[in-house]
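> My questions all concern the structure below.
The values are calculated or read from the model by the stated rules, or taken from the named source; none is laboratory data. Quick caveat: nothing in here was measured; it's all calculated off a predicted structure. Because the Cβ atoms are built from the backbone with ideal geometry, glycine has one as well, and the counts that use them run over all protein chains shown. The protein model used for the area step is the full one, side chains on, heavy atoms only, and it has no ligands, DNA or RNA in it. Shrake-Rupley method; radii C 1.70, N 1.55, O 1.52, S 1.80 Å.
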Amino acid sequence: AAVVRKEIQDETDRVTGKSKQISPVPIHLSIYSPNVVNLTLIDLPGLTKVAVEGQPESIVQDIEMMVRSYVEKPNCIILAISPANQDIATSDAIKLAREVDAPGERTFGVLTKLDLMDKGTNALDVLEGRSYRLQHPWVGIVNRSQADINKNVDMIIARHKEREYFATSPDYSHLANKMGSEYLAKLLSKHLEAVIRARIPSITSMINKTIEELESEMDHLGRPIAADAGAQLYLILELLRAFDRIFKEHLDGGRPGGDRIYGVFDNQLPAALRKLPFDRHLSMQNVRKVVSEADGYQPHLIAPEQGYRRLIESSLNYFRGPAEASVDAVHFVLKELVRKSIGETQELRRFPTLQMELAAAANHALERFRDDSKKTVVRLVDMESSYLTVEFFRRLPQEVEKAASGPGGPVSPNVDRYTDGHFRRIGSNVSSYVGMVSETLRNTIPKAIVYCQVKEAKQSLLHHFYMQIGKKEGKELAQLLDEDPSLMERRVQCAKRLELYKSARDEIDSVSWAR
(Lines give C-alpha, C1' and ligand atoms only; values in the text may rest on other atoms or scores of the structure.)
Protein backbone atom coordinates (compact mmCIF):
# COMPACT_ATOMS: atom_id res chain seq x y z
CA ALA A 1 0.00 0.00 0.00
CA ALA A 2 2.86 2.37 0.82
CA VAL A 3 4.40 1.80 -2.62
CA VAL A 4 1.04 2.45 -4.31
CA ARG A 5 0.51 5.60 -2.25
CA LYS A 6 3.98 6.85 -3.18
CA GLU A 7 3.38 6.19 -6.90
CA ILE A 8 0.09 8.15 -6.77
CA GLN A 9 1.86 11.03 -5.04
CA ASP A 10 4.74 10.95 -7.54
CA GLU A 11 2.31 10.92 -10.51
CA THR A 12 0.40 13.85 -9.01
CA ASP A 13 3.66 15.79 -8.64
CA ARG A 14 4.59 15.01 -12.24
CA VAL A 15 1.29 16.44 -13.50
CA THR A 16 0.80 19.41 -11.16
CA GLY A 17 4.30 20.00 -9.89
CA LYS A 18 5.09 20.02 -6.22
CA SER A 19 2.27 22.40 -5.43
CA LYS A 20 -1.28 22.26 -4.14
CA GLN A 21 -2.87 22.69 -7.53
CA ILE A 22 -5.21 20.17 -9.16
CA SER A 23 -5.41 18.58 -12.60
CA PRO A 24 -8.38 17.10 -14.49
CA VAL A 25 -6.08 14.36 -15.87
CA PRO A 26 -7.08 11.13 -14.04
CA ILE A 27 -4.61 8.65 -12.55
CA HIS A 28 -5.74 5.10 -13.33
CA LEU A 29 -5.07 2.48 -10.66
CA SER A 30 -6.25 -1.12 -11.09
CA ILE A 31 -6.40 -3.43 -8.05
CA TYR A 32 -6.78 -7.18 -8.51
CA SER A 33 -7.57 -9.15 -5.36
CA PRO A 34 -9.99 -11.84 -4.16
CA ASN A 35 -10.74 -9.57 -1.22
CA VAL A 36 -12.25 -6.66 -3.20
CA VAL A 37 -15.57 -6.24 -4.98
CA ASN A 38 -15.91 -5.57 -8.73
CA LEU A 39 -16.22 -1.81 -8.69
CA THR A 40 -14.84 1.26 -10.46
CA LEU A 41 -14.29 4.08 -7.98
CA ILE A 42 -13.44 7.67 -8.96
CA ASP A 43 -11.79 9.57 -6.11
CA LEU A 44 -12.54 13.28 -6.67
CA PRO A 45 -10.91 16.15 -4.78
CA GLY A 46 -12.89 17.49 -1.83
CA LEU A 47 -14.91 20.66 -2.34
CA THR A 48 -13.22 23.69 -0.82
CA LYS A 49 -14.30 27.16 0.20
CA VAL A 50 -11.11 29.20 -0.11
CA ALA A 51 -7.78 28.93 -1.88
CA VAL A 52 -4.78 28.19 0.32
CA GLU A 53 -1.23 29.32 -0.30
CA GLY A 54 0.12 27.92 -3.56
CA GLN A 55 -3.31 27.56 -5.16
CA PRO A 56 -4.84 29.87 -7.79
CA GLU A 57 -7.84 32.02 -6.82
CA SER A 58 -10.00 29.99 -9.20
CA ILE A 59 -9.33 26.73 -7.33
CA VAL A 60 -12.83 26.72 -5.74
CA GLN A 61 -14.59 26.99 -9.10
CA ASP A 62 -12.08 24.63 -10.76
CA ILE A 63 -12.72 21.85 -8.26
CA GLU A 64 -16.51 22.26 -8.40
CA MET A 65 -16.49 22.19 -12.21
CA MET A 66 -14.33 19.07 -12.19
CA VAL A 67 -16.60 17.30 -9.69
CA ARG A 68 -19.72 18.35 -11.61
CA SER A 69 -18.31 16.97 -14.87
CA TYR A 70 -18.41 13.51 -13.28
CA VAL A 71 -21.50 13.55 -11.03
CA GLU A 72 -23.74 15.06 -13.74
CA LYS A 73 -23.42 11.90 -15.84
CA PRO A 74 -26.66 9.87 -15.57
CA ASN A 75 -24.77 6.58 -15.16
CA CYS A 76 -22.68 7.85 -12.26
CA ILE A 77 -23.42 6.68 -8.69
CA ILE A 78 -22.75 9.55 -6.31
CA LEU A 79 -21.03 8.83 -3.02
CA ALA A 80 -21.82 12.00 -0.97
CA ILE A 81 -19.36 11.93 1.92
CA SER A 82 -19.93 14.20 4.91
CA PRO A 83 -18.21 14.31 8.31
CA ALA A 84 -20.48 13.32 11.19
CA ASN A 85 -19.12 16.05 13.45
CA GLN A 86 -20.53 18.78 11.16
CA ASP A 87 -24.10 19.84 10.51
CA ILE A 88 -25.47 17.79 7.60
CA ALA A 89 -27.45 20.84 6.43
CA THR A 90 -24.17 22.55 5.50
CA SER A 91 -22.73 19.56 3.61
CA ASP A 92 -21.37 20.69 0.22
CA ALA A 93 -21.48 17.10 -1.06
CA ILE A 94 -25.19 16.69 -0.27
CA LYS A 95 -25.96 20.13 -1.71
CA LEU A 96 -24.21 19.32 -5.02
CA ALA A 97 -25.77 15.84 -5.18
CA ARG A 98 -29.23 17.32 -4.74
CA GLU A 99 -28.59 19.75 -7.64
CA VAL A 100 -27.58 17.04 -10.12
CA ASP A 101 -29.75 14.19 -8.74
CA ALA A 102 -32.90 15.78 -7.34
CA PRO A 103 -34.81 12.45 -6.99
CA GLY A 104 -31.84 10.95 -5.14
CA GLU A 105 -31.85 7.80 -7.28
CA ARG A 106 -28.08 7.88 -7.76
CA THR A 107 -26.97 9.25 -4.40
CA PHE A 108 -25.59 7.27 -1.43
CA GLY A 109 -24.93 9.22 1.77
CA VAL A 110 -21.80 8.36 3.77
CA LEU A 111 -20.97 9.66 7.24
CA THR A 112 -17.35 9.66 8.34
CA LYS A 113 -15.61 10.53 11.64
CA LEU A 114 -18.36 9.00 13.79
CA ASP A 115 -15.68 8.27 16.38
CA LEU A 116 -14.73 11.97 16.58
CA MET A 117 -18.15 13.31 17.60
CA ASP A 118 -18.49 15.12 20.92
CA LYS A 119 -19.17 12.89 23.89
CA GLY A 120 -22.88 12.36 24.43
CA THR A 121 -23.79 13.03 20.79
CA ASN A 122 -24.43 10.66 17.89
CA ALA A 123 -25.53 10.66 14.27
CA LEU A 124 -28.52 8.34 14.55
CA ASP A 125 -30.93 10.97 13.21
CA VAL A 126 -28.93 11.05 9.98
CA LEU A 127 -28.14 7.34 9.73
CA GLU A 128 -31.76 6.34 10.37
CA GLY A 129 -33.02 8.90 7.85
CA ARG A 130 -34.87 11.23 10.20
CA SER A 131 -32.94 14.47 9.66
CA TYR A 132 -32.23 14.01 5.92
CA ARG A 133 -33.80 11.14 4.00
CA LEU A 134 -32.30 9.61 0.89
CA GLN A 135 -33.73 6.88 -1.33
CA HIS A 136 -30.78 4.69 -0.35
CA PRO A 137 -29.75 4.11 3.29
CA TRP A 138 -27.04 6.16 4.93
CA VAL A 139 -23.84 4.27 5.81
CA GLY A 140 -21.47 5.24 8.58
CA ILE A 141 -17.76 4.41 8.39
CA VAL A 142 -14.72 4.87 10.61
CA ASN A 143 -11.47 5.41 8.76
CA ARG A 144 -7.92 5.44 10.00
CA SER A 145 -6.92 8.47 12.04
CA GLN A 146 -4.04 10.67 10.93
CA ALA A 147 -1.92 9.02 13.61
CA ASP A 148 -2.76 5.57 12.15
CA ILE A 149 -1.84 6.81 8.67
CA ASN A 150 1.46 8.19 9.97
CA LYS A 151 2.16 4.84 11.61
CA ASN A 152 1.25 2.97 8.39
CA VAL A 153 -1.43 0.95 10.15
CA ASP A 154 -2.45 -1.93 7.86
CA MET A 155 -5.87 -1.67 6.17
CA ILE A 156 -6.85 -5.13 7.42
CA ILE A 157 -6.24 -4.00 10.97
CA ALA A 158 -8.10 -0.75 10.27
CA ARG A 159 -11.15 -2.68 8.97
CA HIS A 160 -11.04 -4.93 12.05
CA LYS A 161 -11.00 -1.87 14.33
CA GLU A 162 -13.93 -0.42 12.39
CA ARG A 163 -16.02 -3.60 12.83
CA GLU A 164 -15.13 -3.67 16.52
CA TYR A 165 -16.14 -0.01 16.93
CA PHE A 166 -19.64 -0.52 15.53
CA ALA A 167 -20.15 -3.84 17.33
CA THR A 168 -19.28 -2.36 20.73
CA SER A 169 -20.72 1.14 20.31
CA PRO A 170 -23.76 1.73 22.54
CA ASP A 171 -25.15 4.11 19.90
CA TYR A 172 -24.59 2.09 16.73
CA SER A 173 -24.37 -1.59 17.73
CA HIS A 174 -27.97 -2.21 16.56
CA LEU A 175 -26.88 -0.99 13.11
CA ALA A 176 -23.51 -2.75 13.06
CA ASN A 177 -24.43 -5.12 10.22
CA LYS A 178 -25.30 -2.11 8.01
CA MET A 179 -22.27 0.02 8.87
CA GLY A 180 -18.64 0.06 7.84
CA SER A 181 -16.53 0.24 4.68
CA GLU A 182 -16.99 -3.42 3.81
CA TYR A 183 -20.79 -3.14 3.91
CA LEU A 184 -20.63 0.05 1.86
CA ALA A 185 -18.53 -1.66 -0.82
CA LYS A 186 -20.95 -4.60 -1.03
CA LEU A 187 -23.95 -2.25 -1.10
CA LEU A 188 -22.47 -0.24 -3.96
CA SER A 189 -21.46 -3.36 -5.88
CA LYS A 190 -24.93 -4.85 -5.53
CA HIS A 191 -26.57 -1.58 -6.59
CA LEU A 192 -24.22 -1.24 -9.56
CA GLU A 193 -25.06 -4.78 -10.63
CA ALA A 194 -28.79 -4.02 -10.40
CA VAL A 195 -28.38 -0.82 -12.43
CA ILE A 196 -26.35 -2.61 -15.10
CA ARG A 197 -28.84 -5.48 -15.23
CA ALA A 198 -31.73 -3.04 -15.73
CA ARG A 199 -29.84 -1.19 -18.46
CA ILE A 200 -28.42 -4.15 -20.31
CA PRO A 201 -30.98 -3.93 -23.17
CA SER A 202 -30.22 -0.26 -23.81
CA ILE A 203 -26.48 -0.83 -23.36
CA THR A 204 -26.57 -3.76 -25.79
CA SER A 205 -28.55 -1.68 -28.28
CA MET A 206 -26.05 1.17 -27.99
CA ILE A 207 -23.11 -1.21 -28.42
CA ASN A 208 -24.68 -2.86 -31.48
CA LYS A 209 -25.43 0.52 -33.04
CA THR A 210 -21.86 1.68 -32.41
CA ILE A 211 -20.48 -1.55 -33.90
CA GLU A 212 -22.59 -1.00 -37.03
CA GLU A 213 -21.31 2.58 -37.31
CA LEU A 214 -17.70 1.49 -36.84
CA GLU A 215 -18.04 -1.33 -39.39
CA SER A 216 -19.56 1.14 -41.84
CA GLU A 217 -16.63 3.48 -41.22
CA MET A 218 -14.20 0.59 -41.71
CA ASP A 219 -15.88 -0.20 -45.04
CA HIS A 220 -15.57 3.46 -45.97
CA LEU A 221 -11.90 3.59 -44.93
CA GLY A 222 -11.21 0.23 -46.58
CA ARG A 223 -9.80 -2.93 -45.15
CA PRO A 224 -6.03 -3.37 -44.66
CA ILE A 225 -4.10 -4.09 -47.86
CA ALA A 226 -2.79 -7.60 -48.48
CA ALA A 227 0.98 -7.98 -48.88
CA ASP A 228 0.65 -10.48 -51.75
CA ALA A 229 1.36 -8.97 -55.21
CA GLY A 230 -1.47 -10.94 -56.82
CA ALA A 231 -3.98 -9.64 -54.27
CA GLN A 232 -2.67 -6.10 -54.75
CA LEU A 233 -3.07 -6.38 -58.54
CA TYR A 234 -6.60 -7.68 -58.09
CA LEU A 235 -7.42 -4.80 -55.73
CA ILE A 236 -6.06 -2.20 -58.18
CA LEU A 237 -8.07 -3.67 -61.06
CA GLU A 238 -11.21 -3.68 -58.93
CA LEU A 239 -10.64 -0.03 -58.03
CA LEU A 240 -10.18 0.89 -61.69
CA ARG A 241 -13.35 -0.98 -62.65
CA ALA A 242 -15.26 0.88 -59.93
CA PHE A 243 -14.06 4.18 -61.39
CA ASP A 244 -14.91 3.04 -64.93
CA ARG A 245 -18.47 2.16 -63.90
CA ILE A 246 -19.04 5.60 -62.41
CA PHE A 247 -17.50 7.32 -65.46
CA LYS A 248 -19.82 5.42 -67.80
CA GLU A 249 -22.80 6.28 -65.60
CA HIS A 250 -21.99 9.95 -66.13
CA LEU A 251 -21.91 9.48 -69.89
CA ASP A 252 -25.03 7.30 -70.08
CA GLY A 253 -27.18 9.52 -67.87
CA GLY A 254 -27.12 7.56 -64.61
CA ARG A 255 -25.21 10.49 -63.09
CA PRO A 256 -25.20 14.16 -64.15
CA GLY A 257 -22.62 15.59 -66.55
CA GLY A 258 -22.98 13.66 -69.79
CA ASP A 259 -25.79 15.97 -70.91
CA ARG A 260 -23.20 18.74 -71.23
CA ILE A 261 -21.82 16.96 -74.31
CA TYR A 262 -25.22 17.20 -75.96
CA GLY A 263 -25.21 20.89 -74.98
CA VAL A 264 -22.07 21.35 -77.08
CA PHE A 265 -23.82 19.85 -80.11
CA ASP A 266 -27.21 21.48 -79.62
CA ASN A 267 -26.13 24.96 -78.49
CA GLN A 268 -22.44 25.72 -78.78
CA LEU A 269 -21.81 24.32 -82.28
CA PRO A 270 -24.89 25.93 -83.94
CA ALA A 271 -24.13 29.25 -82.24
CA ALA A 272 -20.54 29.15 -83.50
CA LEU A 273 -21.74 28.35 -87.04
CA ARG A 274 -24.15 31.27 -86.99
CA LYS A 275 -21.37 33.65 -85.96
CA LEU A 276 -19.13 32.85 -88.92
CA PRO A 277 -18.41 36.06 -90.93
CA PHE A 278 -20.13 35.03 -94.18
CA ASP A 279 -21.94 38.36 -94.51
CA ARG A 280 -18.61 40.12 -94.79
CA HIS A 281 -16.90 37.41 -96.80
CA LEU A 282 -19.74 37.21 -99.36
CA SER A 283 -20.38 40.93 -99.56
CA MET A 284 -20.66 42.37 -103.09
CA GLN A 285 -17.30 44.10 -102.76
CA ASN A 286 -15.46 40.94 -101.71
CA VAL A 287 -17.25 38.79 -104.30
CA ARG A 288 -16.24 41.29 -107.04
CA LYS A 289 -12.64 41.22 -105.75
CA VAL A 290 -12.37 37.42 -105.58
CA VAL A 291 -14.06 36.84 -108.95
CA SER A 292 -11.92 39.47 -110.68
CA GLU A 293 -8.72 38.03 -109.21
CA ALA A 294 -9.79 34.54 -110.29
CA ASP A 295 -10.44 35.72 -113.86
CA GLY A 296 -6.96 37.19 -114.19
CA TYR A 297 -6.32 38.87 -117.54
CA GLN A 298 -9.06 36.83 -119.25
CA PRO A 299 -12.59 37.69 -117.99
CA HIS A 300 -15.01 34.79 -117.66
CA LEU A 301 -17.16 34.19 -120.67
CA ILE A 302 -20.34 32.72 -119.19
CA ALA A 303 -20.17 31.81 -115.44
CA PRO A 304 -17.16 32.67 -113.27
CA GLU A 305 -16.41 29.05 -112.23
CA GLN A 306 -12.98 29.79 -110.80
CA GLY A 307 -14.43 32.66 -108.80
CA TYR A 308 -17.19 30.39 -107.50
CA ARG A 309 -14.67 27.76 -106.44
CA ARG A 310 -12.43 30.27 -104.67
CA LEU A 311 -15.36 31.82 -102.83
CA ILE A 312 -16.71 28.42 -101.77
CA GLU A 313 -13.34 27.00 -100.68
CA SER A 314 -12.41 30.11 -98.70
CA SER A 315 -15.87 30.11 -97.08
CA LEU A 316 -15.69 26.44 -96.12
CA ASN A 317 -12.35 27.01 -94.40
CA TYR A 318 -14.23 29.01 -91.76
CA PHE A 319 -15.88 25.78 -90.58
CA ARG A 320 -12.57 24.49 -89.21
CA GLY A 321 -12.80 26.80 -86.19
CA PRO A 322 -16.24 25.66 -84.88
CA ALA A 323 -15.37 22.03 -85.67
CA GLU A 324 -12.14 22.10 -83.63
CA ALA A 325 -13.76 24.17 -80.87
CA SER A 326 -16.48 21.52 -80.52
CA VAL A 327 -13.81 18.84 -80.16
CA ASP A 328 -12.07 20.88 -77.44
CA ALA A 329 -15.35 21.54 -75.62
CA VAL A 330 -16.21 17.84 -75.49
CA HIS A 331 -12.64 17.08 -74.41
CA PHE A 332 -13.03 19.53 -71.51
CA VAL A 333 -16.32 17.88 -70.46
CA LEU A 334 -14.74 14.41 -70.55
CA LYS A 335 -11.78 15.58 -68.47
CA GLU A 336 -14.14 17.08 -65.92
CA LEU A 337 -16.13 13.83 -65.79
CA VAL A 338 -12.90 11.91 -65.15
CA ARG A 339 -12.10 14.24 -62.25
CA LYS A 340 -15.61 13.91 -60.81
CA SER A 341 -15.65 10.15 -61.24
CA ILE A 342 -12.35 9.77 -59.38
CA GLY A 343 -13.73 11.89 -56.53
CA GLU A 344 -16.97 9.89 -56.44
CA THR A 345 -15.22 6.50 -56.34
CA GLN A 346 -15.25 5.99 -52.58
CA GLU A 347 -12.83 3.07 -52.72
CA LEU A 348 -10.16 5.24 -54.37
CA ARG A 349 -10.07 7.94 -51.71
CA ARG A 350 -7.57 6.10 -49.56
CA PHE A 351 -5.01 5.81 -52.40
CA PRO A 352 -3.84 9.28 -53.51
CA THR A 353 -0.96 7.88 -55.61
CA LEU A 354 -3.29 5.61 -57.58
CA GLN A 355 -5.69 8.53 -58.04
CA MET A 356 -2.94 10.64 -59.59
CA GLU A 357 -1.74 7.81 -61.86
CA LEU A 358 -5.31 7.07 -62.93
CA ALA A 359 -6.04 10.73 -63.68
CA ALA A 360 -2.84 11.05 -65.70
CA ALA A 361 -3.56 7.88 -67.70
CA ALA A 362 -7.19 8.83 -68.37
CA ASN A 363 -6.29 12.37 -69.44
CA HIS A 364 -3.53 11.06 -71.70
CA ALA A 365 -6.06 8.75 -73.38
CA LEU A 366 -8.53 11.62 -73.76
CA GLU A 367 -5.84 13.69 -75.45
CA ARG A 368 -5.27 10.90 -78.00
CA PHE A 369 -9.00 10.71 -78.65
CA ARG A 370 -9.12 14.50 -79.04
CA ASP A 371 -6.29 14.48 -81.59
CA ASP A 372 -8.02 11.75 -83.62
CA SER A 373 -11.31 13.61 -83.39
CA LYS A 374 -9.77 16.87 -84.62
CA LYS A 375 -8.22 15.12 -87.60
CA THR A 376 -11.59 13.57 -88.41
CA VAL A 377 -13.69 16.76 -88.22
CA VAL A 378 -11.09 18.69 -90.22
CA ARG A 379 -11.26 15.94 -92.85
CA LEU A 380 -15.04 16.41 -92.96
CA VAL A 381 -14.53 20.10 -93.75
CA ASP A 382 -11.77 19.34 -96.28
CA MET A 383 -13.97 16.75 -98.01
CA GLU A 384 -16.66 19.37 -98.53
CA SER A 385 -14.03 21.61 -100.14
CA SER A 386 -12.46 18.89 -102.26
CA TYR A 387 -15.61 17.87 -104.12
CA LEU A 388 -18.49 20.29 -104.57
CA THR A 389 -22.07 19.16 -105.11
CA VAL A 390 -22.57 19.99 -108.80
CA GLU A 391 -26.31 19.24 -108.80
CA PHE A 392 -26.83 22.12 -106.38
CA PHE A 393 -25.62 24.64 -108.96
CA ARG A 394 -27.44 22.95 -111.85
CA ARG A 395 -30.70 23.49 -110.04
CA LEU A 396 -30.08 27.22 -109.67
CA PRO A 397 -32.06 29.54 -112.06
CA GLN A 398 -29.90 30.36 -115.10
CA GLU A 399 -29.33 33.94 -116.14
CA VAL A 400 -31.23 34.84 -119.27
CA GLU A 401 -28.91 36.12 -121.90
CA LYS A 402 -30.70 38.34 -124.36
CA ALA A 403 -29.06 40.17 -127.20
CA ALA A 404 -29.94 43.80 -127.52
CA SER A 405 -29.96 45.86 -130.66
CA GLY A 406 -28.53 49.28 -130.90
CA PRO A 407 -27.66 51.84 -133.49
CA GLY A 408 -24.41 50.08 -134.11
CA GLY A 409 -25.89 46.55 -134.31
CA PRO A 410 -26.16 43.71 -131.76
CA VAL A 411 -24.86 44.42 -128.21
CA SER A 412 -22.98 41.59 -126.37
CA PRO A 413 -24.68 40.31 -123.24
CA ASN A 414 -21.30 40.48 -121.44
CA VAL A 415 -22.02 44.09 -120.60
CA ASP A 416 -24.22 42.82 -117.69
CA ARG A 417 -21.64 40.44 -116.26
CA TYR A 418 -19.87 43.03 -114.13
CA THR A 419 -22.92 44.81 -112.76
CA ASP A 420 -23.73 44.88 -109.02
CA GLY A 421 -26.69 42.59 -109.52
CA HIS A 422 -24.48 40.00 -111.14
CA PHE A 423 -22.09 39.87 -108.17
CA ARG A 424 -24.96 39.86 -105.70
CA ARG A 425 -26.38 36.78 -107.41
CA ILE A 426 -22.99 35.06 -107.19
CA GLY A 427 -22.73 35.89 -103.48
CA SER A 428 -26.27 34.68 -102.91
CA ASN A 429 -25.62 31.39 -104.70
CA VAL A 430 -22.41 30.76 -102.73
CA SER A 431 -24.19 31.67 -99.50
CA SER A 432 -26.92 29.13 -100.25
CA TYR A 433 -24.34 26.43 -100.94
CA VAL A 434 -22.40 27.28 -97.75
CA GLY A 435 -25.68 27.11 -95.81
CA MET A 436 -26.31 23.62 -97.15
CA VAL A 437 -22.81 22.53 -96.14
CA SER A 438 -23.31 24.11 -92.70
CA GLU A 439 -26.40 21.98 -92.12
CA THR A 440 -24.49 18.90 -93.22
CA LEU A 441 -21.55 19.62 -90.89
CA ARG A 442 -23.91 20.45 -88.06
CA ASN A 443 -25.02 16.82 -88.23
CA THR A 444 -21.76 15.09 -89.13
CA ILE A 445 -19.40 16.87 -86.72
CA PRO A 446 -21.27 15.54 -83.61
CA LYS A 447 -21.25 12.04 -85.14
CA ALA A 448 -17.49 12.21 -85.64
CA ILE A 449 -16.88 13.57 -82.12
CA VAL A 450 -19.03 10.91 -80.47
CA TYR A 451 -17.37 8.17 -82.51
CA CYS A 452 -13.79 9.38 -81.93
CA GLN A 453 -14.05 10.70 -78.35
CA VAL A 454 -17.13 9.65 -76.40
CA LYS A 455 -17.39 6.10 -77.70
CA GLU A 456 -13.65 5.57 -77.34
CA ALA A 457 -13.74 6.95 -73.77
CA LYS A 458 -16.50 4.50 -72.89
CA GLN A 459 -14.78 1.52 -74.46
CA SER A 460 -11.06 2.01 -74.02
CA LEU A 461 -10.34 4.91 -71.65
CA LEU A 462 -8.08 2.76 -69.44
CA HIS A 463 -6.98 0.22 -72.05
CA HIS A 464 -3.33 1.28 -72.02
CA PHE A 465 -3.35 1.79 -68.25
CA TYR A 466 -4.56 -1.78 -67.70
CA MET A 467 -1.64 -3.06 -69.79
CA GLN A 468 0.82 -0.92 -67.82
CA ILE A 469 -0.58 -2.17 -64.50
CA GLY A 470 -0.27 -5.78 -65.64
CA LYS A 471 3.47 -5.30 -66.29
CA LYS A 472 4.24 -3.81 -62.85
CA GLU A 473 6.15 -5.75 -60.20
CA GLY A 474 5.12 -6.18 -56.57
CA LYS A 475 7.04 -3.15 -55.31
CA GLU A 476 5.51 -0.89 -57.97
CA LEU A 477 2.02 -2.17 -57.16
CA ALA A 478 2.60 -1.44 -53.46
CA GLN A 479 3.62 2.13 -54.34
CA LEU A 480 0.32 2.64 -56.18
CA LEU A 481 -1.48 1.50 -53.03
CA ASP A 482 0.46 3.91 -50.82
CA GLU A 483 -2.15 5.30 -48.43
CA ASP A 484 -2.56 8.65 -46.73
CA PRO A 485 -0.88 8.27 -43.28
CA SER A 486 -3.73 10.09 -41.51
CA LEU A 487 -6.24 7.69 -43.08
CA MET A 488 -4.16 4.69 -41.99
CA GLU A 489 -4.13 6.04 -38.43
CA ARG A 490 -7.91 6.51 -38.54
CA ARG A 491 -8.34 2.90 -39.62
CA VAL A 492 -6.09 1.64 -36.81
CA GLN A 493 -8.03 3.62 -34.21
CA CYS A 494 -11.36 2.55 -35.70
CA ALA A 495 -10.28 -1.11 -35.67
CA LYS A 496 -9.25 -0.85 -32.01
CA ARG A 497 -12.58 0.67 -31.02
CA LEU A 498 -14.44 -1.95 -33.03
CA GLU A 499 -12.53 -4.73 -31.29
CA LEU A 500 -13.27 -3.22 -27.87
CA TYR A 501 -17.00 -2.89 -28.56
CA LYS A 502 -17.22 -6.43 -29.91
CA SER A 503 -15.39 -7.68 -26.83
CA ALA A 504 -17.83 -5.78 -24.62
CA ARG A 505 -20.78 -7.30 -26.48
CA ASP A 506 -19.33 -10.79 -26.07
CA GLU A 507 -18.78 -10.15 -22.35
CA ILE A 508 -22.40 -9.07 -21.90
CA ASP A 509 -23.69 -12.02 -23.91
CA SER A 510 -21.62 -14.48 -21.90
CA VAL A 511 -22.90 -13.34 -18.50
CA SER A 512 -26.03 -15.01 -17.15
CA TRP A 513 -27.75 -12.34 -15.11
CA ALA A 514 -30.01 -13.42 -12.30
CA ARG A 515 -33.54 -12.37 -13.13
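> Looking only at segment 75-98, which residues are part of a loop (DSSP other than H, G, I, E, B) and closer than 22 Å to LEU124 by Cβ?
Of segment 75-98, the ones part of a loop (DSSP other than H, G, I, E, B) are 75-77, 84-87, 91.
Listed by number, the residues that qualify are ALA84, ASN85, GLN86, ASP87, SER91.
> Against the definition (over 30 Å from PRO485 (Cβ atoms), touching a residue at least 24 places away in the same chain (Cβ under 8 Å) and touching a Lys or Arg at 6+ places or on another chain (Cβ under 6 Å)), how does VAL330 come out, yes or no? Give the steps one after another, and end with the answer.
Details: over 30 Å from PRO485 (Cβ atoms): yes; touching a residue at least 24 places away in the same chain (Cβ under 8 Å): yes; touching a Lys or Arg at 6+ places or on another chain (Cβ under 6 Å): no.
Spelling it out, it is not the case that VAL330 is over 30 Å from PRO485 (Cβ atoms), touching a residue at least 24 places away in the same chain (Cβ under 8 Å) and touching a Lys or Arg at 6+ places or on another chain (Cβ under 6 Å).
> Does GLN135 satisfy the condition of being over 58 Å from the mean Cα position of the chain (by Cα) and either loosely packed, with under 15 Cβ neighbours inside 10 Å or closer than 13 Å to ALA84 by Cα (or both)?
No, not satisfied.
> Now, a different point. Identify all residues within segment 253-279 that are in contact (Cβ under 8 Å) with a residue 24 or more places away in the chain and either in contact with a strand residue (DSSP E or B) (Cβ under 6 Å, 6 or more places away or on another chain) or more than 16 Å from LYS447 (Cα to Cα) (or both); write none if there are none. If you could, list the steps in order and put the result at the bottom.
Of segment 253-279, the ones in contact (Cβ under 8 Å) with a residue 24 or more places away in the chain are 255, 257-258, 260-261, 264-265, 268-270, 272-273, 276-278.
If the condition is that a residue be in contact (Cβ under 8 Å) with a residue 24 or more places away in the chain and either in contact with a strand residue (DSSP E or B) (Cβ under 6 Å, 6 or more places away or on another chain) or more than 16 Å from LYS447 (Cα to Cα) (or both), then ARG255, GLY257, ALA272, LEU273, LEU276, PRO277, PHE278 are the ones that fit.
> Where the second residue is among the polar types (S, T, N, Q) and the first is closer than 15 Å to ALA359 by Cα and lies in segment 229-250, which pairs have Cβ atoms under 7 Å and are six or more apart or on separate chains?
From residues that are closer than 15 Å to ALA359 by Cα, the pairs are ALA242/THR345; PHE243/SER341; PHE243/THR345; ILE246/SER341; ILE246/THR345; PHE247/SER341.
> When segment 50-92 is examined, which residues are found to be on the phi > 0 side of the Ramachandran plot and surrounded by 18 or more Cβ atoms within 10 Å (Cβ to Cβ)? Give the derivation first.
Let us first name the residues in segment 50-92 that are on the phi > 0 side of the Ramachandran plot, namely 54.
If the condition is that a residue be on the phi > 0 side of the Ramachandran plot and surrounded by 18 or more Cβ atoms within 10 Å (Cβ to Cβ), then no residue fits.
> Give me the pairs: first residue in segment 72-87 and over 16 Å from GLU99 (Cβ atoms), second residue surrounded by 13 or more Cβ atoms within 10 Å (Cβ to Cβ) and of a type in the set (Gly, Ala, Ser), beta-carbon distance under 6 Å, and six or more apart or on different chains, which are they?
Close Cβ pairs satisfying both conditions: ILE81/ALA93; ALA84/ALA123.
> Within 21 Å of the chain's Cα centre (by Cα), surrounded by fewer than 18 Cβ atoms within 10 Å (Cβ to Cβ) and under 30 Å from LYS475 (Cβ atoms), is that true of ARG223?
Working: within 21 Å of the chain's Cα centre (by Cα): yes; surrounded by fewer than 18 Cβ atoms within 10 Å (Cβ to Cβ): yes; under 30 Å from LYS475 (Cβ atoms): yes.
For ARG223, the condition - within 21 Å of the chain's Cα centre (by Cα), surrounded by fewer than 18 Cβ atoms within 10 Å (Cβ to Cβ) and under 30 Å from LYS475 (Cβ atoms) - is met.
> Go through segment 297-396 and tell me which helices (runs of 4 or more DSSP H), entirely inside it, have 2 or more residues that are open to solvent by 20 Å² or more (accessible area, probe 1.4 Å), of a type in the set (A, V, I, L, M, F, W, C) and farther than 30 Å from LEU240 by Cα.
Counting at least 2 such residues, we get 352-386, 390-394.
> If I filter segment 209-238 down to residues being in a helix (DSSP H, G or I) and acidic (Asp, Glu), which single residue comes out as farthest from ARG491 (Cα to Cα)?
Filtering segment 209-238 for residues that are in a helix (DSSP H, G or I) and acidic (Asp, Glu), the one farthest from ARG491 (Cα to Cα) comes out as GLU238.
> Now for a different question. Find all pairs meeting these conditions: Cβ atoms under 7 angstrom apart; at least six residues apart or on different chains; first residue within segment 126-152 and at pLDDT 90 or above; second residue acidic (Asp, Glu) and open to solvent by less than 20 Å² (accessible area, probe 1.4 Å).
Going by the 7 Å Cβ cut-off, the qualifying pairs are ILE141/GLU162; VAL142/GLU162.
> Taking segment 239-272 only, how many residues are open to solvent by less than 70 Å² (accessible area, probe 1.4 Å) and either within 30 Å of VAL492 (Cα to Cα) or of a type in the set (A, V, I, L, M, F, W, C) (or both)?
Going through segment 239-272 one residue at a time, the tally reaches 14.
> Of (1) more than 18 Å from PRO45 (Cα to Cα); (2) within 57 Å of the chain's Cα centre (by Cα); (3) not β-branched (Val, Ile, Thr), ASP118 satisfies all except one. Which?
Status for ASP118: all satisfied but (2).
> Look through segment 149-174, keep the residues that are under 60 Å from the mean Cα position of the chain (by Cα) and more than 20 Å from ILE81 (Cα to Cα), and return whichever of them is least open to solvent (accessible area, probe 1.4 Å).
VAL153
> Can you tell me which of (1) assigned to a strand (DSSP E or B); (2) open to solvent by 30 Å² or more (accessible area, probe 1.4 Å) is the one PHE108 doesn't meet?
Checking PHE108 against (1) assigned to a strand (DSSP E or B); (2) open to solvent by 30 Å² or more (accessible area, probe 1.4 Å), the one that fails is (2).
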